[in-house]
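Novice: Sharing a structure here in structure tokens format.
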Amino acid sequence: MTGATAPLVTIVIPAYNAEKTLAETLRSVSSQSYDKLEILVVDDGSRDSTSELASDYGLTDRRVRVLRQENGGVARARNRGIQEARGPYIAPVDADDTWHPSKIELQLQALRKFPDGQGVAYNWYAAIDENGIIFGHSRPVMHQGNIFEPLLRENFIGNGSTPLMPRTEILRCGGYDAGLRDNGAEGCEDLKLYLALAETLPFALVPDFLTGYRFTKGNMSSNAYRMLKSHTLVMAPIIERYPQLARDIRTAEFNTASWYFKKAFFDADYAQVGKLAPMMAKKYLPQLILHGVQQGWHQTKRQGIRMARHVLGKPSRPKKRFAAEIPQTGTAFSDRFTAIPAEQAISPTSSRTAGNE
């Protein structure tokens, strides 16, 4: 990819009974500062007005195309979109998530550092609730280049609505694994694909919170027990190929289980807590004991450092490693959107209405 090249980017939106959120997702996608887009909404057998809503939206934005299939799960819906895509890059986004207007443009810029743009771009995300209000954010890691081992230790990409990926490489990896759903372990299809891509491709980071990742009761990421089963199935063949990484992977599994347990506890989701607690006690008892001791030590150490700074008159001033503004809890993700410069604005005669043939 050269500076003069403007590749078509295919956005794939798997949608199942998404009438409440799809319009917001489509608005955030069609408002991208980079407008050479193909927008595929894959209606995965919805029983509400998802398909009609997407079709109506396509009347005002000819880049939108609606595909329909029988309900087969998010992996099959994404794969359908990838198969139908005309663009050399794929940008998936779930039908309840949103993007910052500059997401695609900044990701394409980040990929220019690689020969022919052959790599994967990702960014950080803000966690939003049903109303689009921020209640948290991803840890702002700085991993770039060969990120395979760091990604094994922690899924720092964290969702299926963030990466920009080369279509040919996705197809080479076999796309998203629909078999996980068939085995009652839907949830980690995106992580499995990212790891497969990371074995051969470099990753580029856009250091900003450009994805609004929505957490709602009943969505896939809220089913902790199923997600953990999915994680185990994804990691099993990797352990066979890389036995030297088995310890790191086991630690990642424990950390993942701990994250879901804490989330379920603080969300007062006692049904999930009831499922996770006995499983964790049986499977991770030594790690739980060690984790508790380490947490206690770290907390004591932090308090000691704060007290020492106070006595010495040296207030703590954490250093910021990046320029991005941290998402503020209680604010709307849309409030983070800055005005698009006039030279980047999409004109009435642009591809939004004229198509991208």
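The numbers here are math on the coordinates, done by the rules we state, and not lab data. A quick note: this is a predicted structure, and the numbers were derived from the prediction, not measured. Note that each Cβ is placed from the backbone with ideal geometry, even for glycine, and that neighbours are counted across all protein chains shown.
Novice: Taking 8 Å as the Cα distance limit and 6 or more residues as the minimum spacing, I'd like the relative contact order of segment 9-222 as a percentage. Walk me through the intermediate numbers first.
Specialist: Numbers: 439 pairs, mean separation 53.5, N = 214.
Over segment 9-222, the number comes to 25 percent.
Novice: Still on this structure, I have one more. Could you put MET227, MET142 in order, starting from the residue whose Cβ has the fewest other Cβ atoms within 10 Å? Walk me through the numbers on the way to the answer.
Specialist: Working: MET227 21, MET142 10.
Lowest to highest Cβ neighbour count: MET142, MET227.
Novice: Which of ARG167, ARG80, ARG247 has the fewest other C-beta atoms within 10 Å, and how do the rest follow up to the most? Can you show the working numbers first?
Specialist: Values: ARG167 18, ARG80 21, ARG247 10.
By the 10 Å Cβ count, ascending: ARG247, ARG167, ARG80.
Novice: To continue, here is another question. Taking R0 as 25 Å, what FRET efficiency do you get between ARG241 and ASP182 from their Cβ-Cβ distance, rounded to the nearest 0.05? Before the final figure, lay out the partial values.
Specialist: Values: r = 23 Å, r/R0 = 0.90.
Given R0 = 25 Å and the Cβ-Cβ separation, E is 0.65.
Novice: At a 10 angstrom cut-off on C-beta neighbours, averaged per residue, how do the peptides 202-214, 55-67 rank from highest to lowest?
Specialist: Details: 202-214: 22.8, 55-67: 16.8.
The densest-packed peptide leads the list: 202-214, 55-67.
Novice: With a ≥ b ≥ c the root eigenvalues of the C-alpha gyration tensor of segment 73-179, is it rounded (a/c under 1.5), prolate (a/b larger than b/c) or oblate? List each step's numbers first, then the result.
Specialist: Details: a/c = 1.43, a/b = 1.15, b/c = 1.25.
Rounded shape, in that the Cα axes give a/c under 1.5.
Novice: Could you list ASP248, ASP190 in order of exposure, starting from the residue whose Cβ has the fewest other Cβ atoms within 10 Å? All intermediate terms of the calculation are to be shown ahead of the outcome.
Specialist: Details: ASP248 16, ASP190 24.
Ordered from fewest to most neighbouring Cβ atoms within 10 Å, ASP248, ASP190 come out as ASP248, ASP190.
Novice: In Å, what Rg and Dmax follow from the Cα atoms of segment 9-222?
Specialist: Here Rg and the maximum Cα pair distance are 15.8, 45 Å.
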